[in-house]
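Everything below concerns the one structure shown next.
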Amino acid sequence: MIKSELVQKLADKNPELHHKTVERVVTTVFNEIVEALARGQRVELRGFGAFSTRARVARTGRNPRTGEAVPVNAKHVPYFKCGKELRERLNK
Amino acid sequence: MSKNTMTRADLSEAVYQEIGLSRAESAMLVEQVLDLISDTLVAGHNVKLSSFGSFVLRQKGGRMGRNPKTGEEVPIDPRRVLTFKASQVMRDRINEGDKASA
């Protein structure tokens, strides 16, 4: 399923709403999650899962083509942990 | 919002503020978005959301595990696990956040 299909399914469930409105709802939900993570917050959606960020230390990487050493700055990478209820449903 | 954790309530509040639907309707839509994603995954399909990321199912084989406390061998059944791969857009946005706070 891709985003446009998610929007379509949500629109089908809510025939009273304009398609454009449904699209904005979906965009808002995912934007809010990204912005929260960018602010350093975690996003906890019980039953579904939790988004958080994990710190990566600075290191010296290598350009695989030239073998040249390149510095890689410390950064945060997004992480998702599946919620308990969803994990159980996946294995029923 | 200075709390450390965002929840469903914050997401529906954002939908309420941005779109101007009722609070009840905003909460219901947030729930429906999460349910549609969950149901699709349970049905065995991956979910790919551009500029956000992909939820990808992986099949893990069964293996013999060990209870780390007792050393006892326990069988681990084959199972389906969910992984999330964040989009480059999300990764970049999070690293802009790092620079802003540095």
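When you go through A:T28, A:T53 one by one, which is the residue that is β-branched (V, I, T) and either farther than 20 Å from A:L6 by Cβ or not assigned by TED's automatic domain parsing to the domain that holds A:L6 (or both)? Break it down into steps so the answer makes sense when it comes.
On the way: A:T28 fails: either farther than 20 Å from A:L6 by Cβ or not assigned by TED's automatic domain parsing to the domain that holds A:L6 (or both).
Criteria check complete, one pass: A:T53.
Right, A:T60: among the hydroxyl-bearing types (S, T, Y), outside the structural domain of A:K3 (by TED's automatic domain parsing) and over 14 Å from the mean Cα position of the chain (by Cα) or not?
Details: among the hydroxyl-bearing types (S, T, Y): yes; outside the structural domain of A:K3 (by TED's automatic domain parsing): yes; over 14 Å from the mean Cα position of the chain (by Cα): yes.
Judged against the criteria, A:T60 is a match.
Output the number of residues of the stretch B:24-50 satisfying the condition of being surrounded by 13 or more Cβ atoms within 10 Å (Cβ to Cβ) and part of a helix (DSSP H, G or I).
18
Residues that are under 21 Å from the mean Cα position of the chain (by Cα), more than 9 Å from chain A (Cβ to nearest Cβ) and at pLDDT below 95: list the strands (runs of 3 or more DSSP E) wholly contained in the stretch B:51-102 that include at least 1 such residues.
Output list reads B:53-60.
Against the definition (modelled with pLDDT under 95 and in a helix (DSSP H, G or I)), how does B:A14 come out, yes or no?
Spelling it out, it is not the case that B:A14 is modelled with pLDDT under 95 and in a helix (DSSP H, G or I).
What is the residue count in the stretch B:1-40 for residues that are at the interface with chain A (Cβ under 8 Å from one of its Cβ atoms) and either in contact with a Cys (Cβ under 9 Å, 6 or more places away or on another chain) or charged (D, E, K, R) (or both)?
Number of matching residues: 4.
Are any residues in the stretch A:40-58 farther than 9 Å from A:Y79 by Cβ and in contact with a Phe, Trp or Tyr (Cβ under 6 Å, 6 or more places away or on another chain), and if so, which ones?
A:V43, A:G49
The values are calculated or read from the model by the stated rules, or taken from the named source; none is laboratory data. Just so it is clear, the structure is predicted and the values come from calculations on it, not from any experiment. All Cβ positions, even for glycine, are placed from backbone atoms using ideal geometry, and neighbour counts span all protein chains on display.
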